Amino acid sequence: MAGLRPQQQPWMEGAVVELPDTWDEYWQGRPRRWRENIRRSQRRLEDLGEVTYVRYRPAGIAHGDADPRWDLFDACVEIARRSWQSDVTNGNTLCSPEVIEFLRDAHEAAVRVGTLDLNLLLVDGRPVAFTYNYQTEGRVFGLRKGFDPEFRAGSPGVVLERMMFEDGIRRGDVRYDLGVGALASKRHWISREVRSQRMTHFPRTGVKAQALRLKRWYQDNFGDMDALVAARSA
């Protein structure tokens, strides 16, 4: 309707978790050694103090449940600041100054319409890991996650994910999109990988835009061939 003609292009591999009806069915489908590692990690955290899992999924303003709970949001941001995310310079983490105000606005909007899904793990009341998602009709999209490096020995991020998936099955969740990239850290959770698509509009009158369009066209059509030639030359 706006007159834009986007070009569709394969982008990155994403990770998807398809949840069955019961936790036992899903959990027993994970690698045995992986399950044992998570149990050990949880015991390490419990040795440090009382472990508490908090999940905040308000129903929205239409149901009289629209408290933004800024304390929980700020706890996630603080964990991100204590982690490697504070050193990222491209402005795309939960604590990045370039996007924090936008994410706060998005948080408030998600609460109003009932699509927020915020998960926190605490040890003796101290937030040590978070997973910040959006959700609708049993489908959850993972936006950001992180953990406090001081508790690295107990793998709090992984322990939190286990609790999140178990609780999600109880709630009737059916699908978790864990996003693109970092597949190695997600491989034991996921059911399958999917290829995401990028949609881009290139103004016909923009010289730089057209140069970028040609570059992407070349990559789509000859990128694999160039990689093969380089591999054979090596």
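Where a number appears in this text, it was derived from the coordinates with a stated rule and is not lab data. Only a predicted model underlies this, so the values are computations on that prediction, with no experimental measurement involved. Positions of Cβ are generated from backbone atoms using ideal geometry, with glycine treated the same way; all protein chains shown enter the neighbour counts.
Okay, here's what the table says:
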item: Selected residue [under 22 Å from the mean Cα position of the chain (by Cα), in a helix (DSSP H, G or I), on the phi < 0 side of the Ramachandran plot and surrounded by 13 or more Cβ atoms within 10 Å (Cβ to Cβ)] from Arg35, Arg30; result: Arg35
item: Single unsatisfied condition, Phe73 versus (1) part of a loop (DSSP other than H, G, I, E, B); (2) under 19 Å from Met164 (Cβ atoms); (3) not aliphatic (A, V, I, L, M); result: (1)
item: Segment 38-51, subset of a type in the set (Asp, Glu) and in a helix (DSSP H, G or I), residue farthest from the chain's Cα centre (by Cα); result: Asp47
item: Exclusive hit being surrounded by fewer than 22 Cβ atoms within 10 Å (Cβ to Cβ) and on the phi > 0 side of the Ramachandran plot, set Ser155, Ser96; result: Ser155
item: Residues satisfying the stated conditions in segment 114-131, i.e. of a type in the set (Val, Ile, Thr) and exposed (fewer than 15 other Cβ atoms within 10 Å of the Cβ); result: none
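To keep it simple, each residue is scored yes or no on (1) in contact with a strand residue (DSSP E or B) (Cβ under 8 Å, 6 or more places away or on another chain); (2) over 17 Å from Met164 (Cβ atoms).
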{"residue": "Glu13", "(1), (2)": "yes, yes"}
{"residue": "Arg40", "(1), (2)": "no, yes"}
{"residue": "Val51", "(1), (2)": "yes, no"}
{"residue": "Pro58", "(1), (2)": "yes, no"}
{"residue": "Ile61", "(1), (2)": "no, yes"}
